[in-house]
Amino acid sequence: MNALFAAHALLPTGWASDVLLRWDDAGTLQCVEAGVAPEAGTPRAIGVLVPGLPNLHSHAFQRAFAGLTEYRGAAQDSFWTWRDLMYRFAGRISPDALEDIASHLYVEMLAAGYTSVCEFHYVHDDPAGQPYANPAEMSLRLVAAARRAGIGLTMLPVLYQHSGFGAKAPRDDQRRFIGSVDGLLRILETLREKGVRCGVAPHSLRAVAAPALQELLAGLERIDATAPVHIHIAEQIQEVEDCLAWSGQRPVQWLLDHAQVDARWCLVHATHLDDRERQAAAKRGAVVGLCPSTEANLGDGVFDAVAWHGSWGIGSDSHASVDAAEELRLLEYTQRLAKRQRNVLADATRPDVAEALWQSAVAGGAQAAARPIAGLAPGQQADFVVLGDRLLEGLTPAQQLSSHVFASQLRNTVQEVWVGGRCRVQNGRHPGAEAAAERFVAARRRLLTELE
């Protein structure tokens with residue numbers, strides 16, 4: 001049995017002192033006991049212990065062009081003009097480049113306090129739009145990257161068939177994404193044979209028509225009725241307007257009426273919901289996937305987190321930022337700007353904002369990942385983060401977490417990151433960081449050269 005003693009740890013019930021954690025060789029917590037004295041020789045955490053955060057939405061390849069689209073290319077730049085630039089990168093990326101980019105990204109995620117990731121992956125085919133000899137080639141490169149970095153993974157191969165509502169023909173620059181339901185389910189089966197936790201992702205209502213959506217969900221039910229389902233939904237006002245023009249319904253309204261949405265579903269970027277949609281989606285138990293840094297970068301709008309009374313988690317999506325604390329900070333700050341109030345996402349039961357944000361993101365992220373990563377409790381995976389910094393000295397555990405979320409922009413307070421009971425980041429550094437960075441830079445340089 002493996003063990004670690006922490007003077008202070010954030011448990012699902014709140015902060016606790018003198019906490020002993022024990023886990024088995026599979027990395028599953030067997031005992032989490034507070035108020036105990038450690039046995040002689042038990043390792044001690046060097047700082048306060050908090051559960052690792054799941055990253056519930058990632059497009060790994062997009063890290064390669066983060067920061068390279070910040071110039072005005074149209075009279076009014078938007079998500080849609082950004083997407084055109086993104087497609088140029090997607091059209092060129094090779095399996096080797098994808099693995100190198102993702103390996104570095106996953107190392108970055110670990111160093112930033114993420115302990116697992118849901119990879120929403122849609123670049124399946126070769127640049128000509130033809131399947132690789134192994135149709136799961138690109139997905140397996142992401143699996144290899146995650147295993148090299150040591151981050152937990154839920155793979156979400158994406159079904160993408162159309163360029164717009166009403167089954168519009170796909171654009172030429174979408175050719176690498178386009179596939180059949182049967183083809184996607186075969187990729188899913190290949191991943192499962194490799195021991196990968198999987199779900200599926202109908203990309204969006206504009207990219208997957210109703211018959212294919214039903215076929216995909218029926219196929220998933222036969223393979224694994226517990227698997228998660230993620231979908232982009234209501235990210236842009238234009239998307240809502242186009243859905244209304246096509247169906248007479250808003251996107252989430254249409255989805256709730258035409259699919260058995262339940263707690264397995266993650267509604268990614270559910271930015272633009274009306275009251276009826278919010279109430280109905282929360283009642284069904286769906287989790288909302290929020291990506292504040294990407295949603296801000298793309299000008300999506302502000303999700304009304306105050307009006308949402310359901311589960312939510314965070315993701316870094318396009319990876320304009322790879323910082324778990326920053327996503328939580330941005331989520332709270334956007335609510336403050338919209339409501340013109342402070343300390344918005346807290347309540348009487350959890351008045352400390354950082355704690356309320358962290359606990360909610362852990363629970364919602366675990367639900368979206370469909371893995372036992374819901375915090376420091378028996379039966380969950382031993383995923384946790386140790387915070388420590390000289391400037392945190394003299395603060396209570398709650399104040400240290402609050403400082404990490406709201407006042408650590410210019411320093412790294414993440415000292416250690418453990419995944420499945422294995423220390424992946426020590427003294428703020430991942431042992432594979434330097435080699436991963438070199439491969440990332442080389443891969444990006446080749447991509448940029450090809451795009452000139």
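List of remarks:
- Among beta bridges from DSSP that stay inside the chain, the antiparallel ones total about 45%.
- Protection proxy ranking of 7-13, 100-106 - average other beta-carbon atoms within 10 Å, highest first: 100-106, 7-13
- Alpha-carbon centroid distance for the pair segment 291-313 / segment 152-219, whole angstrom: 24
- Calculated P(r) over Cα pairs in 10 Å bins from 0, in percent (choose from (i) 4, 21, 33, 26, 12, 3, 0; (ii) 4, 17, 27, 27, 13, 6, 3, 1, 1, 0, 0; (iii) 5, 21, 29, 24, 15, 5, 1, 0), label: (i)
- Distance from the Cα centroid of segment 116-146 to that of segment 387-452 is 26 Å (rounded to whole angstrom).
- Amide hydrogen proximity for L56: with H placed 1.01 Å from N in the peptide plane, the residues at 5 or more positions away or on another chain lying under 5 Å are C118, I314, G315, S316.
- From least to most packed, judged by other beta carbons within 10 angstrom and beginning with the fewest, S403, S180 follow the order S180, S403.
Quick note: the coordinates plus some simple rules give every number you see, no bench work behind them. No experiment lies behind these values; they were computed from the predicted model shown. Glycine also receives a Cβ, built like all others from the backbone with ideal geometry; neighbour counts cover every protein chain displayed.
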